[in-house]
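Every number here is computed from the coordinates shown, using simple stated rules; none is lab data. All figures in this text were calculated on a predicted structure; none of them were measured in a lab. Virtual Cβ from ideal backbone geometry, glycine too; neighbours counted across all protein chains shown.
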Ligand SMILES: [Zn+2]
């Protein structure tokens, strides 16, 4: 059976809704069969594979290359860096399972393509922890500069941070966006408890700020009213702010 792009788009939508507990499998299968000409068995197979992929599990049913590409692209778009990282683990398990079969060459190519987007070996927290370890051995007054240099050189981290913060300075109502020659936006990362004072790169200690707000945050009059794992609330040179640390987690 030829599976068209429209069919893939539709099975993706339903599989994601099932994964998020918004629709029952049987109901989705019925709609796919009636409205989009899916064969029932294939529809169930594609839905199951989506579920396996989201959970980082091995799947043994082969979905075609177009669908694999579409699933990965949209998992990244809809559910972000961490979801893509998990999805790629699943695709790798599938490839290993199928190792000798020529027909999945295109799946291997797709896997290699997405492997450049996220770091599949380490989660972001591990990468940050390694940077923190390295920074500890640098003289305190150079730590902030070194830190930002390291982060900017790690495309995975930059990509992840931008995704979390939508390419914008997190300070309320700041519209500063600096486009670099490479076409990427420039970001700076501020530590709330400074690196020089032992502040770590945990999610609740990081802010993405434009250069102006970064300097103001470091040098201005800062009064923290409340800080927990999700928010920081306070005043910076008399301007009130309430910032959520991470939007997508
Ligand atoms: Zn700003």
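A few points about this structure:
- Averaged over residues, the count of other Cβ atoms within 10 Å places the peptides 118-128, 62-72 in the sequence 62-72, 118-128, highest first.
- Virtual spin-label span in nm between residue 113 and residue 40, 7 Å along Cα→Cβ: 3.4 nm
- Protection proxy ranking, highest mean first, for peptides 80-88, 154-162: 80-88, 154-162, where packing is the per-residue count of other beta-carbon atoms within 10 Å, averaged.
- At R0 = 22 Å, FRET efficiency that the Cβ-Cβ distance of residue 203 and residue 227 yields, to 0.05: 0.95
- For segment 5-115, a Kirkwood radius taken over Cα pairs fed into Stokes-Einstein (4 °C, viscosity 1.567 mPa s) yields D = 93 µm²/s.
- Near-label residues of segment 46-81 by backbone N, under 20 Å of a point 7 Å along Cα→Cβ of residue 126: 53-58, 80-81
- Burial ordering of 131, 108, fewest other beta-carbon atoms within 10 Å first: 108, 131
- Both numbers refer to the Cα atoms of segment 200-249; Rg and Dmax are 10.8, 30 Å.
- Across all directions, the average projected area of the convex hull around the alpha carbons of segment 86-200 is 9.6 nm².
- Residue exposure proxy: 7, 1, ordered by other Cβ atoms within 10 angstrom of their Cβ from fewest to most, comes out as 1, 7.
- Using the Cα coordinates of the chain, the gyration tensor eigenvalues translate into equivalent-ellipsoid semi-axes of 42, 21, 15 Å, sorted from longest to shortest.
- Cα-based Rg / Dmax (Å) for segment 138-235: 13.2, 39
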